[in-house]
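Colleague: Below you'll find the structure I mean.
Read-outs throughout are calculated quantities, based only on the coordinates presented, and are distinct from any laboratory measurement. Computed from a prediction, not measured in an experiment: that's the story for all the values here. Glycine gets a Cβ as well: all are built from the backbone with ideal geometry, and neighbour counts include every protein chain shown.
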Amino acid sequence: MTRQLPTWRAWCLFGLAFLGSCLVRWGTPVISSLGDWETTQFVMITRTVGVVLVVLCIGGFADVLRRGPNADRLVACLSAWFIYCLAYATFKAFFYKIVV
């Protein structure tokens, strides 16, 4: 019975991709002013964490697809959407709008 359930690697990938996509999306300001110096460091931290999470998730996705059983591959395909959202939010964090 337990051989048909996904392993912890697939669930860790899913959780990391889901939480990362939510946190990076919420951590990036939509509009910032030029005089707002407090968000500059926070945005740099968000960008750095986002890039690290994208690399980890893509590596974990490739590992689960290569060596995991079918149940792991199913969870990896479900987490692919959140990896895409994470990559999009990280890319968008580099180009947020600045209002004077």
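Colleague: How charged is the neighbourhood of ALA89? Take every other residue with its Cβ under 12 Å from the Cβ of ALA89, and add Lys/Arg as +1 and Asp/Glu as -1. Could you put the intermediate results ahead of the total?
Modeller: On the way: positive: ARG25, ARG47, LYS92; negative: none.
Result for the neighbourhood of ALA89: +3.
Colleague: I've got another one for you. Where does the charge balance sit around VAL24 when Lys and Arg score +1, Asp and Glu -1, over other residues with C-beta under 10 Å from its C-beta?
Modeller: +3
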